[in-house]
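What follows is one structure encoded as structure tokens, with my remarks underneath.
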Amino acid sequence: MKAIRVDELREGMAFSKPVYVDGETILVPANVHIREKDLERLSKWGVEVVETEGKPLPDGLSRKEPEVYREIIESKKDRELFTLYLRSVDGLGKIFQDVHDGIKVELDQIDTIVNALFPAIRENGDILVSYTMRSAAIANSLALSSVNIMIVSMMIALNMKLPSHRLIQLAIAALLHDIGMMRIPEEILSKKEQLSPKELQTMATHTIQSYEIITRELKYPEAVALAALHHHERWDGRGYPKKLSGKGIPLASRIISVVDAFEAMVKDRPYRNSMIGYTAMRQILNDNSRRFDSEILKIFIKSMGIYPLGSMVILNSGDIGRVIRIHQDAPLRPVLRIIVDKIGRKFKAARGPEIDLLEEKSLFIARALNPKEITGKSE
């Protein structure tokens with residue numbers, strides 16, 4: 001690991017990998033800004049050098065606009081939504097860090113994130129969902145995944161027309177469902193190889209830890225904590241921690257369960273590569289009521305599409321495009337923005353033509369693409 005002198009650190013700096021004190025204690029996780037109180041702690045402890053395997057992130061997480069997002073940031077509204085998305089990730093990351101460090105978290109810190117994202121999802125859910133499908137370009141962090149899961153869970157719940165109080169409870173539960181991970185040993189969380197059976201047992205306790213943090217430390221209602229506690233239960237009763245089954249599993253848990261599984265498939269993990277959105281969607285659809293509520297799966301498909309928002313696909317014509325809108329009643333016929341046409345012409349940012357496959361009957365999606373397949377050909 002690279003040693004960094006403490007007097008070189010500044011408030012707002014972030015690194016691509018965790019920053020350690022004495023090689024063991026985490027000062028800040030990957031992609032989380034260093035705060036003034038972090039620097040004060042180092043001074044109080046008399047620490048002169050910290051270590052990290054990561055690189056400094058230019059301008060900090062919330063100030064960087066990754067290249068992969070530029071084609072969908074077309075207007076002032078898009079930029080405001082993107083900034084809100086990154087600020088939410090950054091804010092939740094700081095909350096998780098405080099829980100990790102045993103620092104009291106005020107509820108208004110969490111409520112601020114929920115109150116900002118909730119109306120944005122109501123009005124511009126499709127745009128925010130498209131951000132979640134590209135989020136590996138920003139970071140791979142628990143806070144990022146939790147914000148992504150909250151956004152998609154809310155899209156499902158809005159399509160289910162749940163009452164407002166249940167929407168708010170679901171939003172909070174989705175943000176905090178994995179907060180118990182802050183009490184799991186770092187050597188397990190960062191392990192690059194497959195976890196051992198004993199390590200898997202330890203990892204599974206995070207749902208109980210989440211329940212206890214939400215009820216005892218944050219004092220949220222029992223419904224919020226139960227949604228987090230049971231998000232790894234299975235429809236067939238073979239989940240954990242209580243082996244609940246069917247509709248005995250809280251509705252919010254059933255929603256989070258589907259989205260959590262999808263998010264885990266499409267993001268990079270230390271021990272395996274991510275799946276592209278279409279492949280992940282197919283795997284979830286092949287569940288056959290083992291893990292998931294089939295009724296929620298139907299609404300999930302309507303909310304995300306068979307080719308999820310942000311997916312890259314190639315048409316039978318040879319054009320390469322990205323899914324920018326879906327038709328809920330025709331999930332195989334989304335609206336695309338062309339990024340490389342059939343003669344190899346590349347389009348920058350949002351300048352490529354739109355093609356609505358519901359109107360262009362002669363065109364169809366030949367297959368989904370992994371963005372790595374066309375590295376150098378587009379963005």
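All of the numbers you see were taken from the coordinates with simple rules; none came from a lab. Keep in mind that this is a model prediction, so the values were computed, not measured. Note that each Cβ is placed from the backbone with ideal geometry, even for glycine, and that neighbours are counted across all protein chains shown.
Full extension of the chain segment joining residue 188 with residue 294 gains 34.9 nm, where the gain is 0.36 nm per residue of separation less the Cα-Cα distance. Counting charges near residue 248 (Lys, Arg +1; Asp, Glu -1) among other residues having Cβ under 14 Å from its Cβ returns a value of +3. For the pair residue 204 and residue 222 in one chain, pulling the backbone fully straight at 0.36 nm per residue adds 4.5 nm over the alpha carbon distance. A simple packing score, the average count of other Cβ atoms within 10 Å per residue, orders the peptides 341-348, 252-259, 114-121 as 252-259, 114-121, 341-348, with the highest score first. Hydrophobic long helices, here whole DSSP H runs in the chain with Kyte-Doolittle means of at least -1.0 and Cα atoms spread over 24 Å or more along the helix axis, are found at 76-101, 107-132, 142-160.
The label point for residue 348 and the one for residue 166, both projected 7 Å from the Cα toward the Cβ, are 4.9 nm apart. Give me the net charge of residue 317's neighbourhood, meaning all other residues with Cβ under 10 Å from the Cβ of residue 317; Lys, Arg count +1, Asp, Glu -1. Around residue 317, the charge tally is -2. Loop-only GluC sites (Glu not before Pro) in the range 197-258, please: DSSP not H, G, I, E or B, and at most 15 other Cβ atoms within 10 Å. Passing both the DSSP loop test and the Cβ count: no residue. In terms of Cα to Cα distance under 27 Å, which lysines are near enough to residue 44, apart from those fewer than 8 places away along the same chain? Within reach: 2, 17, 55, 94, 104.
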